[in-house]
Amino acid sequence: MRDTIMYISLVVNILCLFGMVAGVLMHSGRGGGLSDMFGGAGSTALGSTAAERNLTRITTVFGILWIGTVVALSFLLQR
C-alpha cells in the first residue's frame, strides 16, 4: 500500500512540475505574456487581466501541490 501511495505521489509531483513550468512561462514578463501569445492586442481585449489573475491562481495551486508532494515523498522514501 505504501508503494502505491508513493507512486501516485510521484506522478502527481511530475504533473504539478510541468503545470508550474507551463504557468510560469505563460506569465507576462516585459511583454504582454498570455495576451501577446494570442494575438498581441491583449491590452485592448476585455478580460486580459482576469486571464492573468486566473493563471496566477492556477500556478499557485500547482506550486502548493508540488511542495506537498515533495514533503509526502520525503516521508514515504524513508525506510
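Would a scan of the stretch 33-45 turn up a residue that is touching a His at 6+ places or on another chain (Cβ under 9 Å) and at pLDDT below 95? Spell out how you get there, then give the answer.
Going residue by residue through the stretch 33-45, those that are touching a His at 6+ places or on another chain (Cβ under 9 Å) are 33-34.
Still in the running and at pLDDT below 95: 33-34.
Yes, because at least one residue in the stretch 33-45 is touching a His at 6+ places or on another chain (Cβ under 9 Å) and at pLDDT below 95.
Which numbered condition in (1) at pLDDT below 85; (2) surrounded by 12 or more Cβ atoms within 10 Å (Cβ to Cβ); (3) assigned to a helix (DSSP H, G or I) is the only one that A50 fails?
Result: A50 passes all but (2).
Out of the residues in the stretch 1-19 meeting the condition of being without any contact (Cβ under 8 Å) to a residue 60 or more places away in the chain and in contact with a Leu (Cβ under 9 Å, 6 or more places away or on another chain), tell me which one is surrounded by the most Cβ atoms within 10 Å (Cβ to Cβ). Outline the logic, then answer.
Here is the first cut: in the stretch 1-19, the ones without any contact (Cβ under 8 Å) to a residue 60 or more places away in the chain are 1, 3-4, 7-8, 11-12, 14-19.
So of that shortlist, the ones also in contact with a Leu (Cβ under 9 Å, 6 or more places away or on another chain) come out as 3, 12, 15-16, 19.
Working: D3: 8, V12: 16, L15: 14, C16: 20, G19: 17.
Taking the candidates together, the pick is C16.
The values are calculated or read from the model by the stated rules, or taken from the named source; none is laboratory data. What you see is a predicted model, and the numbers here were worked out from it, not measured in a lab. Every residue, glycine as well, gets a Cβ built from its backbone with ideal geometry; the counts of neighbours run over all protein chains shown.
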